[in-house]
Amino acid sequence: MAAIKSWLSRRKKEGQYRRLMPISRVDPGFIKLKHDKHASPLLDFSSNDYLGLSIHPEVISKSRLFLEKYGAGAGAARLMSGDLFIFHELEDKIAGLKGKEAALLFGSGFLANSGIIPALVGRKDVIFSDRLNHASIYDGCRLAGADLQRFRHNDLDHLEELLKKKRGKNQALIVVESLYSMDGDFCPLVELTFLKEKYNCLLMVDEAHATGLFGRNGGGLIQENDVTGQVDIAIGTFGKALGSYGAYAAASRQMVNYLVNRARSFIFSTALPPAVIGASLAAVDLIQKQPELRRELWDKVKIFKDELSRAGFDNSGFSQIIPLAVGDSDKAVSLAAALREQGIFATAVRPPTVPPGTARLRFSITSHLSAANLIKSGKIICGQVQHQLF
């Protein structure tokens, strides 16, 4: 216990101590902190529910239908007696969305990444991972026990340098995200696929923050960049733009059959609840039938970025994720607190989620936020940044 107490004490001194903040959803785009009963609701800039599908009537209706029809839980892992036919229905839809032969559901994005990577590579193999990949990717790399080579963020020259030196004769896996969740920038996928082919590597792309938002029917950045055929495994979640929960891997039929037999986080996990499957099925249909959902979101992203630009802030990039660099963790926490006083909820992101010295506030634009509130919030944010940091 002394070691635990000492560790927690160090985290507090370093400005990296985390506390849970129970909230309640009030109106769309607004949350209320449970401990602050008399305060006004806060505009939520920390949600990943980009298209607002978590409260879409069709998503809720199908979720309720599946709950009543199939029960609260699947009752078992899928390789036991939990393999409900509705899972296959969703997998077929995801395979079609991602332009792949097949797909496989996982309990979460963390379970997908931490289970798939060790299934693909082992101790005699090598992994080439972007330095800013998600923690779940790095946990999967550690579990694999392969030689881990990290290349500088989006630096394909550095990646090729490592490939020349470390590729070896056994299996090699390149792992990236198509849209990086803390920086809001894109991976150069087209150029990356050239290196993948040149050095005969497997390529795994995490599309957690891109699925539903990019591509002609929401199929993600691999679809928008027309590299679906060069990507061996596309990972994604239902818990962000699709508004539900769980994750998937889309790949060839052979690869999916392999994962069914090798991915421990799939084999030894209870299947997702039916209500979640119903919600996800409805969401996948919506993003394909209603492209206006994406157009409306991008209009709102532009409104917010234009407001920041008018105040002289750099907000380059084209995604729905807008980071505001602060650097010092304590300053990031202080700025987040000041914004809460002004009615804005934006989480301070600190190490180890981001590299040391790069603490930031991360603003996620969702369809829940109105144009008027985005303009108002942009003015408040710019004013508080000037006051707090300069």
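We did not get these values from a lab; they are worked out from the coordinates using the rules stated. Please read these numbers as outputs of a predicted model, since none were measured by experiment. For neighbour counting, all protein chains shown are included, and Cβ atoms are generated from backbone atoms with ideal geometry for every residue, glycine included.
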Taking segment 300-390, how much of its Cα-Cα pair set, in percent, is spaced more than 24 angstrom apart? 13
Residue ranges of DSSP H helices in the chain that stretch 18 Å or more (Cα, own long axis) and have mean Kyte-Doolittle hydropathy of at least 1.0 are 274-289
Using the Cα gyration tensor of segment 21-177, with a ≥ b ≥ c the square roots of its eigenvalues, what is the shape: rounded (a/c below 1.5), prolate (a/b larger than b/c) or oblate (neither)? oblate
For the ranges 218-225, 204-211, 360-367, what's the packing order if you count other beta-carbon atoms within 10 Å of each residue, average per peptide, and put the highest first? 204-211, 218-225, 360-367
In the structure shown, do any of 100/240; 32/331; 62/240; 12/305; 240/305; 12/240 have a Cα-Cα gap over 27 Å, and if so which? 12/305; 12/240
So in the chain, what percent of DSSP beta bridges are antiparallel if you round to the nearest 5? 55
With a Förster radius of 35 Å, plug the Cβ-Cβ distance of residue 153 and residue 80 into 1/(1 + (r/R0)^6) and report the FRET value to the nearest 0.05. 0.25
May I ask for the distance between the Cα centers of segment 1-27 and segment 227-248, given as a whole number of Å? 31
Run the numbers for residue 288 and residue 314: contour at 0.36 nm per residue of separation, minus the present Cα-Cα distance, in nm. 6.1 nm
Take the chain, connect every pair of alpha-carbon atoms lying under 10 Å apart with a spring to form a Gaussian network, then pick out the residue of 80, 255, 21 with the largest mean-square fluctuation. 21
Relative to the compact globular guide of 2.2 N^0.38 Å, what is the alpha carbon radius of gyration of the chain, as a ratio? 1.00
Please list, in order along segment 263-273, the HN-Hα scalar couplings obtained from phi with the Karplus expression 6.51 cos²θ - 1.76 cosθ + 1.60 (θ = phi - 60°), rounded to whole Hz, x for Gly and Pro. 7, 5, 6, 8, 4, 9, 10, 4, 5, 4, x
Can you give the Rg to Rh ratio of segment 56-289, both from alpha-carbon atoms, with Rh computed by the Kirkwood formula? 0.97
Can you compute the helix-only [θ] at 222 nm over the chain? Use -39500 (n - 2.57) per DSSP H run of at least 4 residues, normalise by all residues, nearest 500 deg cm²/dmol. -13500 deg cm²/dmol
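If you take all C-alpha pairs in segment 133-227, what percent of them are over 20 Å apart?
37
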May I ask for the Rg/Rh ratio of segment 1-83, computed from Cα atoms with Rh as the Kirkwood radius, given to two decimals? 1.16
